[in-house]
Amino acid sequence: MKITKDEVAHVAHLARLEFDVEETEKFTSQLNDILLYMEKLNEADTTGMEPMTHAIAQKNAFREDAVLPSLPIREALSNAPDPKGEFFRVPKVIE
Amino acid sequence: MEYEPVIGLEVHAQMLTYSKIFCGCSTTFGEGPNSQTCPVCQGMPGVLPVLNKKVVEFAMKMSLATSCRINPECVFARKNYFYPDLPKGYQISQYALPLAEFGYVDIELNGGNKRIGITRIHMEEDAGKLVHDEHNPSSYVDLNRTGVPLIEIVSEPDIRSAEEAAAYLRRIHEILVYLEVCDGNMEQGSFRCDANVSLRPRGAEAFGIRAELKNMNSFRNVQRALEYEIKRQQYVLEGGGEVVQETRLWDDTQGVTHSMRGKEEAHDYRYFPDPDLVPIQVSDAWIDEIRRTLPELPLEKRERFLREYGIPAYDAGVLTASRALADYYEAVVKLSGKPKAASNWVMGDILRFLNEDRRDIRDCPISAESLAEMIVLIEDGTISGKIAKEVSEEMYRSGKPPRVVIEEKGLVQITDEGALEKTIETVMAANPAQLEQFRSGKDKVFGFFVGQVMKATQGKANPQLVNDLLKKMLPGT
Ligand SMILES: [Zn+2]
């Protein structure tokens, strides 16, 4: 096995996902298949190759430092389920 | 056992751009909540962040000013975690391939200079701001700050005391502000600092277990928090306990650090390269171009002031505290040709006036030209140093040049011997008892006569001339 049920549960927790026992088993087995398939990549000889971070060759895509109009507040908050005044409202988080 | 603190600092500095790092929203501080957001910085699906070139240039400036090596290629990475101030569920930062590495700054301590290594400098976006409701179980989110450009400057664990930490921070702050890439405002959060602190037995190689300190929003608080934390860890270790690896928050009002429990498990950020942002390639030509725009840095300026103007190290330190002040001083020196007098006036009256009004040197009503002119007028004897104090106050109040003030108030120094002799004769005639005392050998009465003559001339008499004439005239013959 490439991945354990505990690891799947941990990653699920980090992603704030809740799985029941059956789901955890199912995803563990599916993720295992995927990781096994990825193993195939290790068969390629990459001696002397720089690791690549992107699939395209383009570099240095910049914009100039210019201010553009922002969203009107009403639109900015339009996806919020529970806004208050000019704020998004969320359950209290205490550091 | 004697313990030695080992401290590393992480500074977050806001880059002084007009727009955010990946979108065109304004970075202006203090605007209405959520008035500076767009689909990109709100993290809507399907949007594409595009890097603000100015952020790279500013970050390169700081990297070069701290002798870092700029990597020929760097990439952005996603740092994944959930928090309501982070709408995308990840922060765009740099991880494995940062912009720059292996730098240093030199700090001045009582016992001489010390070099503090800089591990890396990388670019990232800021998160939003949370406002907690005092009465309801709610927090309010303002995303204006989301996507504001930051650089993170990570030091090597080279710092050995709270005092060294403060000196390092001041140096980093000073360089950022000199470069004009950060406004350095700690109250508004443009310059923030976290610290990693551990203790080890003096002489030991291995580091102890460290705590991370957050929430210190002034140089003084950083020093206080570190002093407290060093004592706390020492107490734990001396009691046979173990320091817990954790994040601790500085509580300014109580003067202690508190453990921030429960967030530790979240430190699994699963960084990976951000596919939305292509790599940044920095050519030698680009580095040279940026290097040419670097101003003279504070330490270089300080050394030059010592060398060229022959002023004390303390004065050079004060005068180079900001670029604008240093420029002002140099303009006065250039126009007056008197570096020491210029230093005395700027460090004395000018800074006192400005401090009293909490004004910046750029808003000083006395121009460098006016101050230089006044110094020349003192040198050539037109006014006495004492009168100059009065003149400078009036110049500061009215913004008028010294010649005008002197003329309007009739403050030109009396250097006319004949006129002064007459005044002295009057004074002598008016104080026969004191004159008698002087002539019977009481030298101390001499000062009384100087005072009387100055009073009679409203302080305008040339003091040297008064002295000479009194010496001649008082003894009689
Ligand atoms: Zn935006």
Quiz item: So which of B:76, B:58, B:29 ends up being in contact (Cβ under 8 Å) with a residue 24 or more places away in the chain and within 16 Å of the ligand (Cβ to nearest atom)?
Solution: B:29
Practice problem: Tell me which residues, restricted to segment B:108-130, are in a strand (DSSP E or B), without any contact (Cβ under 8 Å) to a residue 24 or more places away in the chain and on the phi < 0 side of the Ramachandran plot. | Solution: B:113
Exercise. Any chance you could count how many residues in segment B:17-37 are facing chain A (nearest Cβ under 10 Å) and surrounded by fewer than 22 Cβ atoms within 10 Å (Cβ to Cβ)?
Key: 9
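Look at residue B:90 and say whether it is more than 10 Å from chain A (Cβ to nearest Cβ) and closer than 15 Å to residue B:148 by Cα.
Details: more than 10 Å from chain A (Cβ to nearest Cβ): yes; closer than 15 Å to residue B:148 by Cα: yes.
Here the answer is yes, as residue B:90 does meet what is asked.
Got a sec? Which strands (runs of 3 or more DSSP E) wholly within segment B:1-104 have at least 3 residues that are farther than 22 Å from residue A:87 by Cα?
Numbers: elements: B:3-14, B:77-80, B:90-93.
By residue number, B:3-14, B:77-80.
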Self-check item: segment B:96-107 residues that are on the phi > 0 side of the Ramachandran plot, paired with ones that are surrounded by fewer than 22 Cβ atoms within 10 Å (Cβ to Cβ) and outside any loop (DSSP other than H, G, I, E, B) (beta carbon under 7 Å, 6 or more apart)
Solution: B:102/B:69
Quiz item: So, of the residues in segment B:136-153 that are more than 16 Å from the ligand (Cβ to nearest atom) and more than 13 Å from every other protein chain (Cβ to nearest Cβ), which turns out to be surrounded by the fewest Cβ atoms within 10 Å (Cβ to Cβ)?
Solution: B:152
Exercise. Could you figure out which of (1) more than 8 Å from the ligand (Cβ to nearest atom); (2) within 7 Å of another protein chain (Cβ to nearest Cβ) isn't true of residue B:44?
Key: (2)
Practice problem: Among what's in segment B:267-293 and is in contact with a strand residue (DSSP E or B) (Cβ under 7 Å, 6 or more places away or on another chain) and part of a loop (DSSP other than H, G, I, E, B), pick the residue that is farthest from the other protein chains (Cβ to nearest Cβ). | Solution: B:271
Quiz prompt | Verdict on residue A:63 being more than 9 Å from every other protein chain (Cβ to nearest Cβ) and either surrounded by 13 or more Cβ atoms within 10 Å (Cβ to Cβ) or of a type outside the set (Ser, Thr, Tyr) (or both) | solution = no
Quiz item: Residues of segment B:312-357 being surrounded by fewer than 21 Cβ atoms within 10 Å (Cβ to Cβ) and not in a helix (DSSP H, G or I), which ones?
Solution: B:312, B:321, B:322, B:337, B:338
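Residue B:308: over 30 Å from residue A:11 (Cβ atoms), not in a loop (DSSP other than H, G, I, E, B) and not assigned by TED's automatic domain parsing to the domain that holds residue B:105, yes or no? Step through it out loud before you land on a result.
Working: over 30 Å from residue A:11 (Cβ atoms): yes; not in a loop (DSSP other than H, G, I, E, B): yes; not assigned by TED's automatic domain parsing to the domain that holds residue B:105: yes.
Against the criterion (over 30 Å from residue A:11 (Cβ atoms), not in a loop (DSSP other than H, G, I, E, B) and not assigned by TED's automatic domain parsing to the domain that holds residue B:105), residue B:308 qualifies.
Which of the following residues is more than 11 Å from chain B (Cβ to nearest Cβ) and within 24 Å of residue B:82 (Cβ to Cβ): A:77, A:31, A:36? Can you show your working first?
Working: A:77 fails: more than 11 Å from chain B (Cβ to nearest Cβ); A:36 fails: within 24 Å of residue B:82 (Cβ to Cβ).
Checking each option against the conditions leaves just A:31.
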Exercise. Scan B:44, B:123 and give me the residue that is in contact with a helix residue (DSSP H, G or I) (Cβ under 6 Å, 6 or more places away or on another chain) and under 26 Å from residue A:54 (Cα atoms).
Key: B:123
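The values are calculated or read from the model by the stated rules, or taken from the named source; none is laboratory data. Just so it is clear, the model here is predicted, and its values are computed rather than measured. Methodologically, a virtual Cβ is constructed for each residue, glycine included, from the backbone with ideal geometry; neighbour enumeration extends over all protein chains shown.
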